[in-house]
Amino acid sequence: MAKKAKHKKEKNWWGFDTGSINKNKRPQDDFYAYANVGWLKSAAIPPEEARWGSFNILRYETELRLKKIAARTRDPLVGQIYRSAIDLKHHNKLGLKPLRPLLGHVRAAKNKEELLKTLAHFHRIGVSGFWGTFVDQDAKQSSRYILHLWQGGLGMPDRDYYLLDGLEQRRVRDAYVLHIKKLMRIAGTSKKGAERFVKTVMGIETALARGSMCKEDLRDAEKVYHKKSAHELARISPEIDWQKFFALIGVRKTKKIIVGQPKFFAAVSKIIEATPLEDLKIYLEWNLINGCAPLLSEPLVRENFNFYARTLAGVKKMRQPWRRALGAVGGCVPFALGELYVKRYFPHSAKRAIDALVDDLFLAYETRIKKLDWMSIVTKRKAVKKLRSMARKIGYPSKRKSYKGLVAKEKDFFGNMLRASEFEHRRQIKKLLQPIDRAEWHMSPQTVNAYCNFGLNEIVFPAAILQWPFFDMQADAAINYAGIGSVIAHEMTHGFDDQGSKFDHRGNMRNWWSVADRKRFVKKSKRFIAQAGAQKAAPGININGQLTLGENIADFGGLVIAWDAYQKYLREHGRKAIAGLSPEERFFLGFAQMEREAVRPEYLKTQVLTDPHAPAPWRINGPLSNFEPFYKTFSVKKDDKLYRPSSSRASMW
């Protein structure tokens, strides 16, 4: 691993990196490069990483802290799971042995009814196969939980890798075929047997891909909401005994289910009907071995790495055992680990400072909504009502998450992972009989990230992201507003992006817009789509404007709301130059440097083809090219590359 990044040495006391500025680059042509080229030239991506930037560096530094906690803690669950995960010698001694009882269940099935029983067991222990099941809010009745069915069953990241013949899709598909062969040979299958696995798995998964909804439509909250009775589901997918399946996963009574993709489940039914039992068993055996490979002996772990990290993301080297062990702990008992992290590393003073900054951002957003010239007064009032109703969760949960009853054993890593998955599965199923828990978090405190939950109408910021380079109580205010301020405002804007805007102040998917206002919103969205879609991200691959629409709206909203809040701060606290830079220049520098990252070519291609987030340069240059204060601050003129005529600029909130 690369040496620990010393952030405090990279920055001056005011919190931004003047050494990264490249004065040979014109800010009017490529502000991302102007602000970051100095850093990018010297930034070596560690061999264990697909990309390296502000988020990744902070995640690694957080992991170093978590390592100390996990190695020394008296918490039995955290400690035992960590020690079981890091004991590679024991993993290698066991080989495939932990998996054999589960493989036996698959191989012993005498008919498709018995295979359904095995599939249900896999769902309980977190092994994928054909489809996914989860419990979440009912999008149109946000006061209740409901069971969801979701398309799945693919070993590659997206259906297009099976269906399209672009250079990148063929490269990944060929590598996946080789991965199936290699993994099955390592698992003890004969050469001829491995060839049969390839033929069978690729045949079934390609059929599943043909029935799958595209990634652009998967983002559409309305297109993935289909409330069905068990009887209606049986008509869609008659080959599956759904009542039996639900009972086997612990759901005794369910009047309604949300079926995310009805056409997919119709396709699954036909696939199961037309496929011989032995081929279905091969497919489930593959899902089991491929899904569990990271939990077994080193040869299996390494082959899993070779496809999912090396091929898809260009990663050169597996992470050290301690990092992989932390990932296991975070997967099993994330909030037990998070509680220990918060006690040791998150000061209450930081939470108070963030709360004050969030107040400024909410005020700035409300002011912007009230001043919009394209929205009617009636819709504005509803938008403001939704904003004022938006809950904020900062740092860590107010309610402790219990893991009572979960058993961890120091010499049973595989068993620990399965027991933790089944424990969480039971917790989720129990929700079906309970009221909505508005105190629940869906991201642990040690996570360097944030999210907006449409159904709860809330924004959530874990403790680990509330530190430099996003936030530092000693830094220049410009950096805090441009850094964590724009991140917070980004999540706020998600509540009003192309999907979040479909949910009302109570978290129900309900149209609260006038017809004319919604038409104007859609028209304005098309400009974001066109701008992003015109940008080349990788050789032969442009950004997918439709897929990235929500994130691009949120990136612009994050910028403009944070800017407005910072302007209020300047009016109240005064202006001063630092290092020869005006407050406005420092704000834009902070905004650009927060997003900087070096990426591997393989990762970039996978990101552009599958990820709703655009590559980093566009996440900076895109919003700035649409923002008038940037033009004024850096004197952007007609012949500059970032210039857009005011009539062609994208804007929303």
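The values are calculated or read from the model by the stated rules, or taken from the named source; none is laboratory data. All figures in this text were calculated on a predicted structure; none of them were measured in a lab. Cβ coordinates were reconstructed from backbone atoms using ideal geometry, including for glycine residues, and neighbour counts include every protein chain displayed.
Below is a table of values for the structure above.
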{"item": "Long-range neighbours under 7 Å by Cβ, at least six apart or interchain, first residue surrounded by 20 or more Cβ atoms within 10 Å (Cβ to Cβ) within the range 536-557, second basic (Lys, Arg) and in a helix (DSSP H, G or I)", "result": "Leu547/Lys215; Asp555/Arg619"}
{"item": "Filter result (surrounded by fewer than 13 Cβ atoms within 10 Å (Cβ to Cβ) and either within 30 Å of Pro445 (Cβ to Cβ) or of a type in the set (D, E, K, R) (or both)) within the range 361-380", "result": "Lys371, Asp373"}
{"item": "Residue within the range 53-64 that is surrounded by fewer than 19 Cβ atoms within 10 Å (Cβ to Cβ), more than 16 Å from Phe470 (Cβ to Cβ) and modelled with pLDDT of 95 or more present", "result": "yes"}
{"item": "Residues within the range 47-78 that are within 16 Å of Lys343 (Cα to Cα) and among the acidic types (Asp, Glu), tallied", "result": "2"}
{"item": "Boolean, Arg426 is over 24 Å from Arg596 (Cα atoms), touching a residue at least 40 places away in the same chain (Cβ under 8 Å) and not assigned by TED's automatic domain parsing to the domain that holds Leu559", "result": "yes"}
{"item": "Hits in the range 522-533 (condition: surrounded by fewer than 19 Cβ atoms within 10 Å (Cβ to Cβ) and in contact (Cβ under 8 Å) with a residue 60 or more places away in the chain)", "result": "Lys524, Arg527"}
{"item": "Qualifying residue in the range 620-638 (condition: part of a helix (DSSP H, G or I), within 30 Å of Asn306 (Cα to Cα) and at pLDDT 95 or above)", "result": "no"}
{"item": "Those helices (runs of 4 or more DSSP H) lying entirely in the range 163-243 with at least 3 residues on the phi < 0 side of the Ramachandran plot and buried (at least 16 other Cβ atoms within 10 Å of the Cβ)", "result": "167-186, 191-211, 230-236"}
{"item": "Any hit, the range 437-446, residues being among the hydroxyl-bearing types (Ser, Thr, Tyr), surrounded by fewer than 21 Cβ atoms within 10 Å (Cβ to Cβ) and under 18 Å from the mean Cα position of the chain (by Cα)", "result": "no"}
{"item": "Arg344 vs. criteria assigned by TED's automatic domain parsing to the domain that holds Ala598, at negative phi, of a type in the set (Lys, Arg) and touching a residue at least 24 places away in the same chain (Cβ under 8 Å)", "result": "yes"}
{"item": "Selected residue (only one of Phe414, Phe454 is of a type in the set (Phe, Trp, Tyr), surrounded by fewer than 22 Cβ atoms within 10 Å (Cβ to Cβ) and in contact (Cβ under 8 Å) with a residue 60 or more places away in the chain)", "result": "Phe414"}
{"item": "Subset of the range 455-503 [closer than 18 Å to Ala356 by Cβ, of a type outside the set (A, V, I, L, M) and not in a helix (DSSP H, G or I)]", "result": "Phe461, Gln467, Trp468, Phe470, Phe471, Asp472, Gln474, Asp476"}
{"item": "Residue match in the range 365-374 (condition: touching a residue at least 40 places away in the same chain (Cβ under 8 Å), of a type in the set (Asp, Glu) and assigned by TED's automatic domain parsing to the domain that holds Glu491)", "result": "no"}
